[in-house]
Structure formats: structure tokens, C-alpha cells
Amino acid sequence: MFDAVIRRLSRALARQKILSSLKDWGTSFSLWPVHFTTACCGSEFAASFCPRYDAERYGFLPFVGTRQCNVLFIEGTVTKKMAEAAKIVYEQMPEPKFVFAMGACAIDGGIFWNSYNIVRPHEILPVDVYIPGCPPRPEAILKSLTMEQEKIRKKVTPHPEN
Amino acid sequence: MSEEQTLELLIGPQHPGSGHMRLVAEMDGDVILNFEPNIGYVHRAVEKIAETKTYVQIIPLVERTSLPDTANHNLGYVLALERLLGIDAPLRAQYLRILLAEINRIHSHLYGMGIHGNMIGSTTMLMWAFGDREPFIELAQRLTGARLSYSYIIPGGVRRDLPQDFRNDALKALSYMERRLKDYDRIFVHNPVTLARLKGVGVINRIDAARIGVVGPNLRASGIAYDVRKIEPYCIYPDLDFEVVVRDEGDAHARLLVRIGEIEQSISMIRQILGKIPDGSILADRYLDLVPSRTRFEKRSSVKFPALFSGLKPSKGEAVSRVEASRGELFHYLVSDGSTHPYRFRIVTPSFKNLIAFKHALLGQKLADIPAVYGSLDYFPPEADR
């Protein structure tokens with residue numbers, strides 16, 4: 001009884017403008033992608049966290065466990081076998097969560113568009129940001145980060161409850 | 001042993017120690033009884049798609065199988081295609097090809113070493129290796145215009161000539177890398193923690209390595225001096241002076257040392273190439289005559305594809321090429337039926353051959369050795385799954 005009241009109260013408070021924009025501000029600087037490599041774009045993804053490009057300065061820290069992460073980075077092609085795993089990983093992540101689709105393959109198949117074994121990420125996941133390129137340069141990844149941060153702060157995400 | 005006493009452990013595909021695959025380990029307490037890598041997570045049907053594309057369109061396609069190591073894959077495919085077409089690249093183009101291949105070998109080995117360091121908990125090594133990889137990516141970018149996917153090597157030659165200030169910058173990067181290798185030695189390679197994690201772990205002995213068909217640095221770490229660059233030299237490797245780096249121990253640490261030795265060899269090879277690269281054209285005369293304006297091409301020193309390339313029609317037949325990619329021997333097989341598309345295209349990638357090493361190297365090891373051995377094999381799943 002008491003718990004339920006507290007929960008309703010905190011939800012109502014979180015919907016208040018000041019608190020919710022504070023929450024969005026915090027979320028935008030703590031985007032943690034889960035360690036889930038779907039294809040070869042992973043090599044450029046790794047480069048964007050390393051000294052030359054250093055995406056960590058935007059609060060973007062690759063982490064190991066799905067339960068502690070809020071970003072799923074689709075790195076390139078998603079095959080049918082990988083799509084099942086991607087869905088499970090996405091469902092395990094806590095809200096609010098965001099999906100980045102990196103590379104031409106993740107947009108519409110790219111060079112593999114008529115392959116028998118690939119899945120378009122937008123068919124299985126709600127994608128927030130697409131990053132074109134084959135592979136995208138690390139600068140493009142950083143740009144996508146700042147764009148997503150902007151989107152979160154302005155509340156234009158496909159998750160209306162956040 | 002009965003079923004109840006062993007535990008089947010599934011690692012991956014979402015796991016920092018697994019990459020794009022699932023590792024199935026049968027454990028008895030902390031000891032691995034049986035190890036089965038479950039691959040196919042990145043199978044994208046490169047060979048089948050190749051049958052629907054023209055010969056020049058396949059060049060970017062084969063590169064996508066191994067993104068950290070594109071130049072060698074590109075070179076292997078183009079060598080097979082040139083054998084089918086019956087053309088040879090001019091000498092300068094061959095020097096440029098090997099220049100790019102060796103630059104790529106350095107940054108690919110650094111990539112592998114960085115991931116290996118990260119897997120056994122040395123984040124410094126990850127950051128250093130990835131940071132020091134950038135000068136070489138930058139060099140390759142000067143030469144080709146792209147960071148990783150170069151598509152630089154085309155039938156009959158290469159796409160661009162050496163940029164003007166390339167030589168000085170390359171020499172600077174090489175001496176920087178030599179300095180850094182000494183730092184690596186102190187912080188990672190002979191660090192007590194690394195020695196404790198890697199010495200005597202994941203041993204593949206000489207006989208096993210030859211029997212199961214491991215290739216590349218993993219084979220050379222087991223004491224077999226097998227290198228396609230020496231055994232079946234292609235392009236200008238006969239003119240270059242280099243050694244095959246061999247270690248006898250066959251453990252994870254030996255594989256790391258072989259990679260470092262190969263970086264040193266590549267550095268010396270790039271120095272030799274820059275010293276004696278001859279003048280001349282970068283595209284075979286047969287195609288150069290078809291480039292719209294020959295004088296303009298010579299001024300700008302980059303090749304616009306002649307329209308003929310879109311409809312290359314090799315005569316009926318089949319061709320094979322073997323190159324030493326940075327992860328090992330890479331094999332391309334191309335069958336032509338006289339049309340613009342290949343009839344059959346087959347790649348045997350080094351990672352696929354090295355996959356079986358997991359089963360042998362990890363038997364009887366502890367659970368915590370899985371990342372140490374995985375990293376030391378420098379396995380790249382998209383390359384194995386194609």
C-alpha cells in the first residue's frame with residue numbers, strides 16, 4: 001500500500017518538467033553501449049573509443065552487461081542468426097534505451113542487400129539514429145552521438161513514455 | 001564422466017570475451033573438457049553474392065570479409081583475377097601494392113594486439129595499440145583515400161600514385177613505431193602479469209599445428225616456418241629482404257611475440273620499398289590506353305576506371321591465388337564461364353583455418369584462459385564466416 005503510493009508519487013514527480021529535463025540531461029551524458037558486435041563495422045566502432053577520437057569525453061562508455069547499458073549499437077550487417085541475439089539483448093536492457101544503426105548494411109543491407117542471410121535492423125528494433133558509410137568514419141559516430149544527445153534533451157525519441 | 005558433474009557454459013555472442021560468436025565450453029569445475037565454437041553469426045554469403053556481381057564490383061565485396069585487413073584480401077582477389085585475364089601489373093604498381101599490404105599488416109597486428117591486451121585486462125595496451133594504429137591508417141588514407149576499405153588494387157595496377165610528401169611521413173611513422181615497440185615490451189609484452197597469463201597457456205605443439213592446418217602467425221609460433229611470402233612469393237617479395245619470424249613454444253605468448261616480430265619485419269620492408277621504388281606507370285598499358293585522357297591522368301596521378309572495367313570478360317577457365325594475409329594464408333579460387341560475372345568464387349580465409357585451433361588449444365585449460373587464448377589467436381569472425 002505504502003509502496004504503491006510512493007511509486008505513483010515518484011512517477012508523478014518524474015513527469016514534472018524540471019525533474020524530467022534534469023533526467024534527460026543526465027541520460028544524454030550517460031549513453032552506455034553494450035558490448036555486442038554484429039559485424040565488421042566493429043573495428044571502426046572500437047577506433048572511435050580509442051585515443052585519436054575518444055568518444056568517452058561525451059559520456060559514451062562501452063560496457064559489458066546488458067542490464068547496466070542503455071544503448072544498443074548495431075555495427076553493420078545483422079544476420080538472421082545474430083538478429084535473435086540482438087532482440088534478446090535489446091529486451092534485456094532497462095528503459096530508456098536507444099538503438100544506433102551503424103553502416104550501410106544496417107540501413108538497407110548495403111553491399112549485401114540481396115544476401116539470403118541478412119535482416120534489416122529496422123524490421124526488428126526501433127532505430128533512433130542511422131549512421132551512413134561503409135564503414136562510417138569515427139567522426140561520423142561522434143556526430144551521431146551528439147545528435148542523439150540533442151534528441152534526448154529535446155525529447156524527440158521513439159519512446160514517448162520517457 | 002556423468003552428465004551431472006559437467007556444466008555446459010555458453011559464452012556470447014553478447015560477451016566481451018567472445019566477439020561475434022558463441023563459445024560452448026563443457027566444464028568440469030574450472031577445467032575445460034570440451035570446447036565448441038559456434039560460428040555463423042556473421043555469415044553474409046559473400047561467395048554467393050559474388051556470382052551476381054561483375055568482376056570489379058567484387059573488389060569491395062571481398063574487402064568486407066576482413067575489415068582490419070582489407071589490402072591483403074583485395075590483393076589476393078586481384079591476383080586471381082589477373083591470372084584469369086592474363087595481365088601483369090607494372091613494377092611500380094607492384095611496389096605500391098606491397099607497400100599498402102605491409103602498412104595494413106602493421107595496423108592489423110596492432111588491432112589484434114590491442115584486443116588481446118583488453119581481453120586479459122590490460123586496457124593500456126588496447127589504448128596504446130589503437131592509438132599507434134592511427135598513424136598507419138593515416139598513411140594508408142593518404143595513399144588510397146579511405147581509412148579501412150581501400151579498394152586500391154585493381155586489375156592491371158593500382159588506383160593512385162604515391163603522394164608527394166608520403167615518403168617522409170612514412171619514415172617518421174616507422175621510427176615512431178620502432179620506439180613504441182620498446183615501450184610495449186616494458187608495459188605489456190614482458191610484463192609479469194602478461195607472462196603469468198600467457199606463458200604455457202593454449203599450447204599447440206608443432207605436430208598438432210601441422211595436422212589441424214593452422215596458418216599464419218599462429219602456425220609460425222608453433223615452430224613451423226611456413227609463410228606464403230617465402231614459399232610461393234608473389235609481386236615483389238622475392239626482391240625484399242625479410243625473415244620469417246618463428247617461435248618454438250606454441251603458446252599464447254609466443255603468438256604475441258611472432259606478431260611483434262612481424263611488425264618489425266614489415267617496418268624494414270616498408271623502408272626497403274620506399275628506398276627502391278622505381279618510376280613508371282601505375283596501370284598496365286593495356287588499360288592505360290583506354291583511360292580518356294592519358295596526359296591528364298599522368299598529371300593527376302590517379303586512375304579513373306576505364307569503362308571497360310565494368311564489363312571485364314575473362315576467358316573461360318579458373319584461377320587460384322595464395323597470399324599471406326596478416327592472419328595467415330588466404331586462398332582465392334575463381335571460375336569464369338566467359339561472362340561478366342564469375343561462375344563460382346571461393347575464399348578460404350585464414351581465420352576459418354585457425355578456428356579449429358580453439359578446440360585444441362583450450363582443452364584442459366582453465367575457464368579464465370579462454371579470453372587469453374581467444375585474443376592470442378587473433379580470430380576475426382566475419383573473416384571466418386564470410
> Residues in the stretch B:190-237 that are outside any loop (DSSP other than H, G, I, E, B) and more than 18 Å from the chain's Cα centre (by Cα): how many?
Replying inline: 14
>> List the residue pairs whose Cβ atoms are under 6 Å apart, where the first residue sits in the stretch A:128-147 and is surrounded by fewer than 19 Cβ atoms within 10 Å (Cβ to Cβ), the second is assigned to a helix (DSSP H, G or I) and among the charged types (D, E, K, R), and the two are 6 or more positions apart or on different chains.
In response: A:Val129/A:Glu148
> So which of B:Val214, B:Val244, B:Val228, B:Val258 is within 23 Å of B:Asn72 (Cβ to Cβ), of a type outside the set (Ser, Thr, Tyr) and touching a strand residue (DSSP E or B) at 6+ places or on another chain (Cβ under 7 Å)?
Replying inline: B:Val228
> Which of (1) outside any helix (DSSP H, G or I); (2) buried (at least 24 other Cβ atoms within 10 Å of the Cβ) does B:Asn74 not meet, given it meets every other one?
Replying inline: (1)
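Residues checked against (1) in contact with a Phe, Trp or Tyr (Cβ under 7 Å, 6 or more places away or on another chain); (2) within 11 Å of chain A (Cβ to nearest Cβ); (3) charged (D, E, K, R); (4) part of a loop (DSSP other than H, G, I, E, B):
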residue: B:Asn104; (1), (2), (3), (4): no, no, no, no
residue: B:His109; (1), (2), (3), (4): no, no, no, no
residue: B:Asn118; (1), (2), (3), (4): no, yes, no, no
residue: B:Gly121; (1), (2), (3), (4): no, no, no, yes
residue: B:Leu126; (1), (2), (3), (4): no, yes, no, no
residue: B:Phe136; (1), (2), (3), (4): no, no, no, no
residue: B:Gln141; (1), (2), (3), (4): no, yes, no, no
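Residue-wise test of (1) in a strand (DSSP E or B); (2) touching a Lys or Arg at 6+ places or on another chain (Cβ under 8 Å); (3) surrounded by fewer than 20 Cβ atoms within 10 Å (Cβ to Cβ).
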residue: A:Ala39; (1), (2), (3): no, yes, no
residue: A:Ser43; (1), (2), (3): no, no, no
residue: A:Ala46; (1), (2), (3): no, no, no
residue: A:Pro51; (1), (2), (3): no, no, yes
residue: A:Met82; (1), (2), (3): no, no, no
residue: A:Ile88; (1), (2), (3): no, no, yes
residue: A:Glu95; (1), (2), (3): no, no, yes
>> Between B:Ala89, B:Ala25, which is surrounded by 24 or more Cβ atoms within 10 Å (Cβ to Cβ), more than 28 Å from B:Glu134 (Cα to Cα) and more than 14 Å from every other protein chain (Cβ to nearest Cβ)?
In response: B:Ala89
> When residues of the stretch B:60-69 are filtered for being assigned to a helix (DSSP H, G or I), in contact (Cβ under 8 Å) with a residue 24 or more places away in the chain and either at the interface with another protein chain (Cβ under 10 Å from one of its Cβ atoms) or surrounded by fewer than 24 Cβ atoms within 10 Å (Cβ to Cβ) (or both), how many remain?
Replying inline: 5
>> Quick check on this structure: which one of B:Thr65, B:Thr54, B:Thr6, B:Thr70 is in contact with a Gly (Cβ under 8 Å, 6 or more places away or on another chain) and polar (S, T, N, Q)?
In response: B:Thr54
>> Please verify whether B:Ala80 is in contact with a Leu (Cβ under 8 Å, 6 or more places away or on another chain) and either under 25 Å from B:Pro314 (Cβ atoms) or away from every other protein chain (no Cβ under 11 Å) (or both), treating the condition exactly as stated.
In response: yes
>> Let me confirm something: among A:His159, A:His122, which residue is at pLDDT below 85 and not aliphatic (A, V, I, L, M)?
In response: A:His159
> Which of the residues spanning the stretch A:21-46 are free of Cβ contacts under 8 Å to residues at least 40 places away in the same chain and of a type outside the set (Phe, Trp, Tyr)?
Replying inline: A:Leu22, A:Lys23, A:Gly26, A:His35, A:Thr37, A:Gly42, A:Ala46
> When residues of the stretch B:62-102 are filtered for being aliphatic (A, V, I, L, M), touching a helix residue (DSSP H, G or I) at 6+ places or on another chain (Cβ under 6 Å) and under 23 Å from A:Cys134 (Cα atoms), how many remain?
Replying inline: 6
>> For the stretch B:332-370, which positions are among the aromatic types (Phe, Trp, Tyr) and either under 22 Å from B:Ser66 (Cβ atoms) or surrounded by 14 or more Cβ atoms within 10 Å (Cβ to Cβ) (or both)?
In response: B:Tyr333, B:Phe345, B:Phe352, B:Phe358
> Among all residue pairs at least 6 apart or on different chains, which show Cβ distances below 7 Å where the first residue, located in the stretch B:31-53, is more than 14 Å from chain A (Cβ to nearest Cβ) and the second is part of a helix (DSSP H, G or I)?
Replying inline: B:Phe35/B:Phe358; B:Phe35/B:Lys359
>> Just the residues that are within 11 Å of another protein chain (Cβ to nearest Cβ) and at pLDDT 85 or above, please, taken from the stretch A:16-40.
In response: A:Val34
> Which one is farthest from the other protein chains (Cβ to nearest Cβ), of the residues in the stretch A:115-145 that are in contact with a Ser or Thr (Cβ under 9 Å, 6 or more places away or on another chain) and within 14 Å of A:Thr38 (Cα to Cα)?
Replying inline: A:Pro121
>> Taking the criterion of being facing chain B (nearest Cβ under 9 Å) and touching a strand residue (DSSP E or B) at 6+ places or on another chain (Cβ under 6 Å), would at least one residue in the stretch A:41-59 satisfy it?
In response: yes
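So, in the stretch A:73-105, how many residues would count as being in contact (Cβ under 8 Å) with a residue 40 or more places away in the chain and either more than 8 Å from every other protein chain (Cβ to nearest Cβ) or under 17 Å from the mean Cα position of the chain (by Cα) (or both)?
Of the residues in the stretch A:73-105, 19 are in contact (Cβ under 8 Å) with a residue 40 or more places away in the chain and either more than 8 Å from every other protein chain (Cβ to nearest Cβ) or under 17 Å from the mean Cα position of the chain (by Cα) (or both).
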> In the stretch B:135-187, which residues are hydroxyl-bearing (Ser, Thr, Tyr) and without any contact (Cβ under 8 Å) to a residue 60 or more places away in the chain?
Replying inline: B:Thr144, B:Ser175, B:Tyr176
>> Could you tell me how many of the residues in the stretch B:143-168 are hydroxyl-bearing (Ser, Thr, Tyr) and not in a loop (DSSP other than H, G, I, E, B)?
In response: 1
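The values are calculated or read from the model by the stated rules, or taken from the named source; none is laboratory data. Here the structure is a predicted model, which means the values were calculated and not measured. When we count neighbours, we look across all protein chains shown, and the Cβ atoms used for this are built from the backbone with ideal geometry, even at glycine.
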